[in-house]
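Data block below; observations after.
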Amino acid sequence: MDPYPDAVAQAVSTGSLPGWARVDELVLEAHTRGLADADGTVADYIPALAAADPELFGVCVAEVDGGLHTAGDAEVEFSIQSISKAFVYALVCERLGHVAVRERVGVNNTGLSFNSVIAVELNAGHPMNPMVNAGALATTALVDGGTPAAQWAAVHDGLSRFAGRTLELDDEVYASESRTNGRNRALAQLLESYGRIEVDPLAVVDIYTRQCSLRVTARDLAVMGATLADGGVNPVTGERVVSAQVCRDTLAVLAATGLYERSGEWLFEIGLPGKSGVAGGIVTVAPGKAGIGTYAPRLDRAGNSVRGQRATAHLSRVLGLNVFASAVHPRAGGTPR
Ligand code: GLN
């Protein structure tokens, strides 16, 4: 049942970024500010992630006209981890549509950590949203393809189209996480027992573990984000990856849930949809304007990159990206009311 059946044509986010040189300058400034913060710890529950250099820090802004601004280690590869959830969700929405996916996977924050089992139990087997592990597993299970191999091929191809290049699997991270992901296997089997996964749950965990192990850079994340900012067209390749409505739906889910139980604080400070991953990446989307990609491995307690949050908060403010910020409309013939 669609509780909002009378939706009409959508308005779109408006405004533009400052000129090219100014954006370049501000990206450097955001990087410098982030560097000052050495808080947080590198994730180690997936053993291969613990080896990351904690000092790495890259920032990239991809404008919807395809222009890129980078600072620091924006070309260093790391595993995409949970950020993949946002893009797989978009691909599944493209296939199944708005209402079906909301009913099946949900759009509300659990208020609990990303790998919570109790969240599933508290909600009678409903995963609640696609950005926590349970919801992401339920979403990956819905990817098109008759076999796990075909589903993986669809995920790999879809994420690569968002990035505008063929992403490669990090074999070491994939092997390391496959050995240690008992909790995700438990979640998938729990969801199967509630009828929320209708294919082999362990095959779903394998595809999910692969999607999390794809290697990206901060630059890739910015381009992937810019695709969601640009009504579903990759601004670098010009290819349409998903529809504009799917972008809108995905960004709404990210605003509510992209930074797990810290999503409210993130939205309050930054005012944009974003998604983090435990390897240290964050993608942020300013609809109609740009995608922001950051990489820095030290994380806060919820699993979100500390430097990435700092740099993105700065960019949101100085570039005027917060979707909740408005100014009084200048009325004809005079001063604002
Ligand atoms: N692959 C990771 C996991 O399933 C992703 C988690 C994350 O990035 N928060 O635990």
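The values are calculated or read from the model by the stated rules, or taken from the named source; none is laboratory data. None of these values were measured; they are calculated from a predicted model. Positions of Cβ are backbone-derived with ideal geometry, glycine not excepted, and every protein chain shown enters the neighbour counts. Remember, those area values only see protein heavy atoms, side chains included, never the ligands or the DNA or RNA. Shrake-Rupley method; radii C 1.70, N 1.55, O 1.52, S 1.80 Å.
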P(r) histogram, all alpha-carbon pairs of the stretch 134-265 included - 5 Å bins from 0, percent: 2, 10, 16, 19, 23, 18, 10, 3, 0
Efficiency of FRET from Cβ geometry, Arg331 and Ser178, R₀ 56 Å, rounded to 0.05: 0.35
Two-site FRET efficiency, Thr147 against Gln189, from Cβ-Cβ distance with R₀ of 22 Å, rounded to 0.05: 0.65
Area of Asp220 that stays accessible when all protein chains are in place (1.4 Å probe, Å², to 10): 0
Ranking by accessible area, most exposed first, for His31, His98 with a 1.4 Å probe: His98, His31
Cα convex hull volume per residue for the stretch 77-210 (Å³): 102
Heavy-atom accessible surface of the chain: percent carbon and sulfur, 1.4 Å: 53
Val132, Val328, reordered so the largest accessible area comes first (probe 1.4 Å): Val328, Val132
Relative contact order (percent, whole number), the stretch 147-286, Cα cutoff 8 Å, 6+ residue spacing: 22
Theoretical gain in end-to-end length, Ser16 to His98 [0.36 nm per residue, Cα-Cα removed]: 26.7 nm
Spin-label zone in the stretch 295-312 - amide nitrogen under 11 Å from a point set 7 Å from the Cα of Val318 along the C-beta vector: 311-312
Spatial extent of the stretch 7-166: Rg and Dmax, with the Cα atoms as the point set, Å: 19.0, 53
MRE, 222 nm, helices only [DSSP H, n ≥ 4, -39500 (n - 2.57), over the chain, to nearest 500]: -13500 deg cm²/dmol
Pairwise centroid distance, computed over Cα atoms, of the stretch 104-160 with the stretch 292-324, Å: 24
Solvent-accessible area of Glu172 with every protein chain in place, 1.4 Å probe, in Å² to the nearest 10: 130
Rg and Dmax of the chain, Cα atoms only, in Å: 19.1, 69
Which of Asp200, Asp249 is most accessible, then next, and so on - probe 1.4 Å: Asp200, Asp249
Most mobile listed residue (Arg196, Arg104, Arg22) in the chain, GNM with C-alpha springs under 10 Å: Arg22
